[in-house]
Amino acid sequence: MSGIEVITFGCRLNAYESEVMKAQAEKAGLNNAILVNTCAVTGEAVRQARQAIRRARRDNPHARIIVTGCAAQTEKQTFAAMAEVDAVLGNEEKLTSASYRSLPDFGVSAEEKLRVNDIMSVKATAPQMVKHIDGHVRAFIQVQNGCDHRCTFCIIPYGRGNSRSVPMGAVVDQARNLVDGGYREIVLTGVDATSYGGDLPGAPTLGLLAKTLLKQIPDIRRLRLSSIDSIEADAHLMDLIADEPRFMPHLHLSLQHGDDMILKRMKRRHLRADALRFIEDARRLRPEMSFGADMIAGFPTETEEMFENAVRLAEEAGIAHLHVFPYSPRPGTPAARMPQLDRSLVKDRAARLRAAGHMLHQSHLDGMIGTRQWLLVENNGLAHTENFTLVAAPGLRPGELVPVTITGHNGKHLDMQLTAAAAA
């Protein structure tokens, strides 16, 4: 091979940072290299990264393989010990061209492979300017990194460090750059995006940042948030839900569970009533609002009754896009030291929660039939509505915004018919 290939795992922030990594590596003159940007959310994510590294080496025996990302930050020795890996970069180091210029030669020891510093010592997030998000028709912008909270199941703060925000002016400049490049939709992303601004002068909020972007850049057609913690939603965000049609009617929530005792043991900052109240308030302001959510099944000490509370929360909230994770103990986290459930029970409960999510999704799809929607067309013959529902869109040009009427669904995505205006 020649050039630089990037293999990305995990979140939208990683997808954004992969573009930064590739640009910085090219700036450094790196060639014939594979950059693997890992995720540490679950043990399975780490396993998949190791598998991808081995496959990359088999397919490209002479390429240089550089591993980075959250798993490389939290398990640096694991990756340094792999014979297939030539270098391991930390989450901060991966974003600078100097890191790629100073890579070791082939055949060095595991210790010499490491370029991973103490992420907790990082106090600021430098704005990164990218012109293109490869393979995507929507553009991601990093507004925040790290997390100050210590949920008992989560290893990510140890991979990302403490919360730090990108200054508002830099976010506006990046958004304007991407919109000028043709992107119709902007997605604001971070590790704990709703904590945005707490470390900046004047403590601006995520909602205020979103308002400022839409005011200063009228050509933004659609603005989304990648994921939020609803307990941190501010008044500006609620204003956007109520009054701003360019703010998309879909929010992905970090719920994690629906039982108050488990939420406390997770060290979450909300209870089930808080989550339901936020969803009710948002729907009252914007009836077409849809919700996605992350939920964990099989957390330590979870009883059958506690699990059923989680299912009921998803049903009461009408979660249209439920992302279910079987609990995965991460070494070094408090939850890993709690009494664990049998793995077969964890998998069974995850399957049952996914089944409930499937039924909720079917109900959501049924409710979309007959509605008129604007679609943003993707690169794969699919599209997304404003409330982030997937639609089959064969023959339409990627990046287009088109009006359609929803005619049915196949259980996975909606079917549509172009409106007369679009067909003309």
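The values are calculated or read from the model by the stated rules, or taken from the named source; none is laboratory data. Since the model is a prediction, treat every value here as computed from it, not as a measurement. Ideal geometry is used to build each Cβ from the backbone, glycine not excepted, and the neighbour counts take in all protein chains shown. Heads up: the accessible areas ignore ligands, DNA and RNA and are worked out on the full protein's heavy atoms, side chains in. Shrake-Rupley method; radii C 1.70, N 1.55, O 1.52, S 1.80 Å.
Only four residue types carry charge here, +1 at the Cβ of Lys and Arg and -1 at the Cβ of Asp and Glu. Report the dipole size of the chain about the Cα centre in Debye, rounded to the nearest 20.
520 debye
Which of rounded, prolate or oblate describes the stretch 4-117 when judged by the alpha-carbon gyration tensor and an a/c cut-off of 1.5?
It is rounded, given that a/c, with a ≥ b ≥ c, falls under 1.5.
Report in % the part of the accessible area of the chain that belongs to carbon and sulfur, leaving out ligands and nucleic acids; probe 1.4 Å.
Here it works out to 52 percent.
If we restrict to alpha carbons, what Rg and Dmax does the stretch 244-400 come to, in Å?
Expressed in Å, the Cα Rg and Dmax of the stretch 244-400 come to 17.6, 53.
At Arg58 and Ile369, where each label point lies 7 Å from the Cα along Cα→Cβ, what is the point-to-point distance in nanometres?
4.5 nm
At 1.4 Å probe size, with no ligands or nucleic acids counted, give the accessible surface of Asp294 in Å², nearest ten.
Surface accessible to solvent at Asp294 totals approximately 30 Å².
Find, among the GluC sites (Glu not before Pro) in the stretch 269-364, those assigned to loop by DSSP (not H, G, I, E, B) with at most 12 other beta-carbon atoms within 10 angstrom.
none
In percent, how large is the relative contact order of the stretch 276-424, given Cα pairs closer than 8 Å and 6 or more residues apart?
Relative contact order, the stretch 276-424: 18 percent.
Which distance in nm do the two modelled labels at Asp294 and Glu280 give, with both placed 7 Å along the Cα-to-Cβ direction?
2.7 nm
If DNA, RNA and ligands are ignored and the probe is 1.4 Å, what is the ranking of Arg58, Arg160, Arg64 by accessible area, most exposed first?
Ranking Arg58, Arg160, Arg64 by accessible area, largest first, yields Arg58, Arg64, Arg160.
With a 1.4 Å probe and all protein chains kept in place, how do Val41, Val6, Val346 rank by accessible area, largest first?
Val41, Val6, Val346
Calculate, in nm to one decimal, what Arg47 and Ser121 gain on full extension: separation in residues at 0.36 nm each, minus their alpha carbon distance.
23.9 nm
For the stretch 375-424, what does the relative contact order come out to in percent, with C-alpha contacts under 8 Å and a separation of six or more?
Normalised by residue count, the contact order of the stretch 375-424 is 31 percent.
Mind checking the full-extension length gain between Ser102 and Glu315? Use 0.36 nm per residue of separation minus the Cα-Cα distance, one decimal, nm.
Gain on extension, Ser102 to Glu315, equals 71.4 nm.
How high is the relative contact order of the chain, given as a whole-number percent (alpha carbon pairs under 8 Å, six or more residues apart)?
10 percent
So how much accessible area does Cys154 have, in Å² to the nearest 10, using a 1.4 Å probe?
40 Å²
Peptides 331-340, 402-411, 348-357: what's the order by average Cβ count within 10 Å, highest mean first?
Order by mean packing, descending: 348-357, 402-411, 331-340.
Size of the dipole of the stretch 138-367 about the Cα centre, Lys and Arg at +1 and Asp and Glu at -1 on the beta carbon, nothing else charged, in debye to 20?
It works out to roughly 520 debye.
For Glu93, Glu5, what's the largest-to-smallest order of accessible area, 1.4 Å probe?
If we order Glu93, Glu5 from most to least accessible, we get Glu5, Glu93.
Measuring from label point to label point, each 7 Å out along Cα→Cβ, what is the Asp415 to Ala235 span in nm?
4.9 nm
Test of understanding: in a Gaussian network model of the chain with alpha carbons linked when under 10 Å, which of Pro326, Pro201, Pro287 would top the mean-square fluctuation ranking?
Pro201
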